Amino acid sequence: MSKINNLHDVYVEQLKDLYSAETQLIKALPKMAKAAASPELARGFEEHLEQTKGHAARLEEIFKGLDEKPTGKKCKVMEGLVKEGAETIEENASPAAKDALLIAAAQRVEHYEIAGYGSVKTYANLLGEDEAVRLLEQTLQEEVETDEKLTEMAESINVEAEEGEEEATTFASRHR
C-alpha cells in the first residue's frame, strides 16, 4: 500500500473504496431482488442494479481521466453491509417483515454511499476535476433518490409487516 500524502491521494483512495463498494453491490442486488416479496421492492432492487452498473462505469471514466486503475482496494464497510444483507435474506420472517428488513439493509448501503460520494465530490471540486464533479454529482443524486424511494416503500411495507404481526397474534388467540 502506498503512502497517502495529499488530497489527490485521498481522492484516489476514496474513489477506489467506492468502486469496490459498487462492484460488491452489483453482486448483492440480484439476491436482494429475488428475496423481496413485494413486486415493487424487487423491481426497485432490479432498477438500482442497473443504476449501480452505471455508477461503476462513471467511476471507471473518472479513473481513466486520472490515469489510475480502479482496483486494488476492498471496501470492508460494504463487505459488512452485504454480509448483513445476506443474513437478512436468511431470516425466518414473514414476507412483509423480511421486506422491511431488506429495506433497512438497503438504506444503510445508500447512506454509506451518499457519505462517500459527497466526500469525493468535495475532493474533486477542490482539485479542479470539473468533469468528475459532474459525474459524481449525478451519482450522488441517484443515491439520494434511491434512498427516498426506499423510504416511501418502507412506509407501506412496514405497515404491512405490523399488520402481519397483528393478524398472526389475532389468529393464534382465536385458535387456542
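The values are calculated or read from the model by the stated rules, or taken from the named source; none is laboratory data. This one's a predicted model, so the numbers in the text were calculated from it and none came from an experiment. Ideal geometry is used to build each Cβ from the backbone, glycine not excepted, and the neighbour counts take in all protein chains shown. Areas reflect the complete protein model, heavy atoms only, side chains present, ligands, DNA and RNA absent. Shrake-Rupley method; radii C 1.70, N 1.55, O 1.52, S 1.80 Å.
The table that follows gives values for the structure above.
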| quantity | calculated |
| --- | --- |
| Some residue of the stretch 129-144 being in contact with a Gly (Cβ under 8 Å, 6 or more places away or on another chain), open to solvent by 40 Å² or more (accessible area, probe 1.4 Å) and either in contact (Cβ under 8 Å) with a residue 12 or more places away in the chain or aromatic (Phe, Trp, Tyr) (or both) | yes |
| Residue match in the stretch 118-125 (condition: among the aromatic types (Phe, Trp, Tyr) and within 30 Å of Ala37 (Cβ to Cβ)) | no |
| Count - residues of the stretch 40-81 that are out of contact with any helix residue (DSSP H, G or I) (no Cβ under 8 Å at 6 or more places or on another chain), more than 19 Å from Glu143 (Cβ to Cβ) and either not in a helix (DSSP H, G or I) or not charged (D, E, K, R) (or both) | 1 |
| Qualifying residue in the stretch 32-49 (condition: open to solvent by less than 80 Å² (accessible area, probe 1.4 Å), under 30 Å from Glu129 (Cα atoms) and touching a residue at least 40 places away in the same chain (Cβ under 8 Å)) | yes |
| Failed criterion for Asp9 (all others in (1) outside any helix (DSSP H, G or I); (2) over 17 Å from the mean Cα position of the chain (by Cα); (3) loosely packed, with under 15 Cβ neighbours inside 10 Å; (4) not hydroxyl-bearing (Ser, Thr, Tyr) hold) | (1) |
